[in-house]
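Below is one structure, written out as structure tokens, with a few remarks after it.
The values are calculated or read from the model by the stated rules, or taken from the named source; none is laboratory data. Predicted model only: the values in this text are computed from it and were never measured. All Cβ positions, even for glycine, are placed from backbone atoms using ideal geometry, and neighbour counts span all protein chains on display. Heads up: the accessible areas ignore ligands, DNA and RNA and are worked out on the full protein's heavy atoms, side chains in. Shrake-Rupley method; radii C 1.70, N 1.55, O 1.52, S 1.80 Å.
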Amino acid sequence: MYKWFALKRIGKGVITYVIIMFILSALFNTVVDNTMRASIEEQVRAESVRLKNLQPEALQNFQQQRREALISLYRLDRPMLERIMFRTWNTITFNFGKSTSIRSSRGDREVLTIVGEAIPRTVLLFTVAAFFEIVVGIILGLKKAQKPGGFIDRSSSFITMIVYGMPTFWLAMILIMFFVYQLKLFPSGGIHSIPTPQGIMYFIDMLWHMALPMLTLVLIGFWGIAFVVRNIVLGILQDDYIMAARARGIPEQSVLFKHTLRTAAPPLITMSILSLLSSISGAIIFEGIFSWPGLGNLYWIAVQQNDIPVLMANLAITVGLYQIGLILLDLTYGFMDPRIKVGGK
Amino acid sequence: MKDFFGALSDFWKEFKKEKTGLIGLGIVIVSLLIIIFEPLLLPWKDTNTKWRNIDYWQDNTPSAPPVWTNWFTPTKATPTSRIDEYAHEIHDDEAGFVSETYTFTYHYDTDSSPQDIIFHMMGNGTFPLVCEIVRPDGNTIPFAQIYEEGLFDQDIRLSLNNDGKDAAFELLKQYVSEEVVEQLSSRSIQSTSIFFGALSDKSLEAFAPLKGTYQFKITMYRTDEESSIKAPYVIVTGDVSGLLGTDSEKRDLFSGLLAGLKWALAIGIVTSAISVLIGVMYGIISAYFGGWVDTAMQFIYQVFNSIPVLPVLIVSSAIFKPNIYTLIGVMVFFFWTGSVMTVRSMALQIKEETYIEAARALGAGHRRIIFKHMVPLLIPYSFASMALSVPSAIVYESSVSLLGLGDATIVTWGQILHDAIQAGAILKGIWWWVLPPGLLISIMGMSFAFLGFSMDKILHPKLKTR
């Protein structure tokens, strides 16, 4: 049963991904055409430099032939719909080609390597931050739900609304200004010191670099989570079995953490994954401020150097990660709450 | 219609109890008023059109802190000011020469000399021009004598710092001993610190400020009837400037932020209003017709809903370099999904109500049922959802601008932050450049959050208490 539900959901996710990639390929078709033509020209020029002892005519002939061969290889001479299809296929098979200027840490220009290097760093930063956000958020949310309308509830709701429209990158700027340049507590950016320390110090150094970006994300993130937790828990606390548990004399802590939290688990997990997804897609450019070498920083650099292949690949990967997150969301939800698997047969 | 106003006044009665909602409403109304009176409030009137014009800002000091920082420092810095009032005299000497003198008065009572004194006027024709500075000790020093030829309404700009170096050096020689003078050249001194210093035979740095009333005189000798100068004014360039200081490009930040307010509000309100309207209609139609229409519409919705907005927004802005209106369009294109699901589930309930069935039995068309019986019930929800989606529209625009992809013909808060990052304001600690734009974005977001959450609370009374 669950197997079918899972397969169906994954299949749907893949189809959605292909459709999105098709739309994006169609949208950015002209630009990608131009970048490809430019890179073909570059390649032809590089090849003809190597051939030294050639008559000018023969050289021109050779260049013409190479150009045509490459253009037909990349299907630039085909009709537009086919080009778009071809590019969609390339994207979903992770065949992104070469960047125009950005290089990976080993110095090659394979886009997949460049983006591949960035993914783990982004995932690391955002998942660890999300973990802390959720822990703090759940604790605060439970406290809020215990006494709705009380001081903690009202004051933290007030702060929730204050940070609601606060840009993460701006808070990052302020915290850098204060903690890095005033107090000199943290490094100004990057993921490692130079030279990179070895052994156990490697991780401590990375934690030290991670502290401030994480603090920024958590400071902005947990208020919203607490607010949602409060509303979910408040709904559950009105149920009869909670009243029964209280009437049986079960201590309040136990009622909250054992009875309430267990029922609240599925929506809480949904919300946690959703908040992780939204912070990856929404706060991603804040990496640029911390020069945290993840996907967001890659967007920043690619925009500045106008590196279209990297930009497109970055987008494809971000959309893919987002899609995977949404699938995981439904799968865990279906796993936790059997009622969801309706129509799974 | 009567029902609608009745419902509105009921809503207002409830809303009045929400303090945060009222604060939010207050901030939004104040911002609207500020936008209406923007031409009166702007210290630099052409900020909207000349934000990126270097000449327009040339008389300011770069990276000057706000004026009110003087309250917290022991030594008071000179604020930048513009003197427009002058005394106009016409002299007629016996030989028949006519000269016009414009005298500006300036009270100097701060602890550090101005950065520069800049004279501006419009010149016409051919004439010799003499600029003088009269110190409180009675010393009159002519610092620039120039001969203008064949001008036709041209701007003349004289700077005390650049054009008065030789005069300042001459003045210095009268007070300071030979040995000190020998170590100096007229290029290496700052003229204003000499003109505004209590000169004595000490080393250069030890001059105390000479406080008192200074006079700046522009004298123009008429050579013929046509020659004249118009609209002269003097700018005292100081170390502190304006309500919120200046950036490294000498731009007045208060003007920039004020000019950005209307764009923030326009981006937020237009984007959220259009996208919520689309989303509400989409949800209602999807729920009302059901069947394969619903299935198809839900599929399209899910595709859109699984696109991360900001990355797509960044890439499309990097590739298409949109102006502000197309940017709003792109945001609407991705934002409308926000309210669809809630509206659909609400509309599914409304659809089953008996009065809808009755309307259908009476032969009402689809359009009538949707617009007369379903939309009005969903209006309150859509207002709350509009208010709640304003902040993210503002933040997304500023994120795109932060990457330097904003519309270059306008000023937005995100662009000011972008410039701040580019110029290394964080590293240099120019807090008056970094703090206010983000603070304003946050306040705008906050006030709409106040509004939205209060409306939400009224519409979902269950969440109020246990």
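Here are some notes:
- Dipole moment magnitude, nearest 20 debye, the stretch B:288-378 about Cα centre, only Lys, Arg, Asp, Glu C-beta charged: 240
- Computed over chain B: relative contact order in percent, which uses C-alpha pairs under 8 Å that are six or more apart: 21
- The stretch B:378-417-the stretch B:10-48 distance, computed between alpha-carbon centres (Å): 17
- Stokes-Einstein diffusion for chain B at 10 °C, viscosity 1.306 mPa s, with a Kirkwood radius from C-alpha pairs, works out to 58 µm²/s.
- In sequence order, the stretch A:31-39 has phi-based couplings of 4, 5, 3, 5, 4, 5, 4, 4, 6 Hz under the Karplus curve 6.51 cos²θ - 1.76 cosθ + 1.60, θ = phi - 60°, and Gly or Pro positions carry x.
- The slack between B:GLU149 and B:LEU348, meaning 0.36 nm per residue of separation minus the straight C-alpha distance, is 63.5 nm.
- Heavy atoms of chains B and A lose about 4600 Å² of accessible surface on contact, summed over both sides with a 1.4 Å probe.
- Loop-resident sites, the stretch A:33-70, for trypsin sites (Lys or Arg not before Pro), counting at most 13 other Cβ within 10 Å (DSSP): A:LYS52
- Between B:ASP111 and B:ILE29, the simple label model (points 7 Å from Cα in the Cβ direction) yields a spacing of 4.4 nm.
- Förster radius 41 Å - calculated FRET efficiency between B:ALA361 and A:ASP239, Cβ distance, rounded to 0.05: 0.55
- Solvent-accessible surface of chain B, averaged per residue with a 1.4 angstrom probe and all protein chains in place: 47 square angstrom.
- Percent RCO, i.e. relative contact order, over the stretch A:1-151, from Cα pairs under 8 Å lying at least 6 residues apart: 17
- Value at 222 nm in deg cm²/dmol, rounded to 500, when DSSP H runs of n ≥ 4 in the protein assembly as shown each add -39,500 (n - 2.57): -19500 deg cm²/dmol
- Helix B:324-335 axis, angle to chain B major axis (alpha carbon atoms, nearest 10°): 30
- Occluded residues from the stretch A:16-56, i.e. those whose accessible area drops by 40 Å² or more once the chain is not alone (1.4 Å probe): A:THR16, A:ILE20, A:PHE28
- Cleavage-rule hits, trypsin sites (Lys or Arg not before Pro), the stretch A:245-323, DSSP coil, Cβ neighbours within 10 Å at most 10: A:ARG248
- Across the protein chains, with a 1.4 Å probe defining accessible surface, the residues B:GLU132, B:GLU149 rank B:GLU149, B:GLU132 from largest area downward.
- Reach of B:LYS13 by Cα under 28 Å, taken over lysines that are not fewer than 8 positions away in the same chain: A:LYS144, A:LYS147, B:LYS2, B:LYS372, B:LYS457, B:LYS462, B:LYS464
- Given +1 at the Cβ of Lys and Arg, -1 at the Cβ of Asp and Glu and no other charges, the dipole of chain B around its Cα centre is 3820 debye to the nearest 20.
- Between the beta carbons of A:GLN60 and A:GLN305, assuming R0 = 41 Å, the FRET efficiency works out to 0.80 to the nearest 0.05.
- Listed by chain and number, the lysines whose alpha-carbon sits under 24 Å from that of B:LYS262, ignoring those within fewer than 8 places in the same chain, are B:LYS45, B:LYS50, B:LYS250, B:LYS321.
- Take the Cα of A:ARG45, go 7 Å toward its beta carbon, and the backbone nitrogen atoms of the stretch A:76-105 under 19 Å from that spot belong to A:98-103.
- Only the Cβ atoms of Lys and Arg (+1) and of Asp and Glu (-1) were treated as charged; on that basis the dipole of the stretch B:365-466 about its Cα centre amounts to roughly 780 debye.
- Pair A:SER254, B:SER185: separation of 7 Å Cα→Cβ label points (nm): 9.0
- Rolling a 1.4 Å probe over the protein heavy atoms of the protein assembly as shown, with every protein chain left in place, gives an accessible area that is 63 percent carbon and sulfur.
- Relative contact order computed over chain A (Cα-Cα under 8 Å; 6+ residues apart), in percent: 27
- Note on B:LEU277 and B:VAL375: the extension gain reaches 34.2 nm, defined as 0.36 nm multiplied by sequence separation minus the Cα-Cα distance.
- Here's the list of lysines a cross-link from A:LYS12 could span, going by alpha-carbon distance under 24 Å and ignoring same-chain residues fewer than 8 apart: A:LYS3, A:LYS341, A:LYS345.
- The alpha carbon centroids of the stretch A:48-71 and the stretch A:302-319 are separated by 32 Å.
- The stretch A:230-299 and the stretch B:132-165 have Cα centres separated by 70 Å.
- Near B:GLY414, once Lys and Arg are set to +1 and Asp and Glu to -1 for all other residues with Cβ below 11 Å from its Cβ, the sum equals -3.
- Residue by residue along B:432-445, Cβ atoms of other protein chains within 10 Å of the local Cβ number 3 on average.
- B:HIS91 sits with roughly 90 Å² accessible to a 1.4 Å probe, with DNA, RNA and ligands left out of the calculation.
- Top positive-direction residue, dipole computed over chain B with Cβ charges, set B:ALA359, B:ILE426, B:LEU172: B:ALA359
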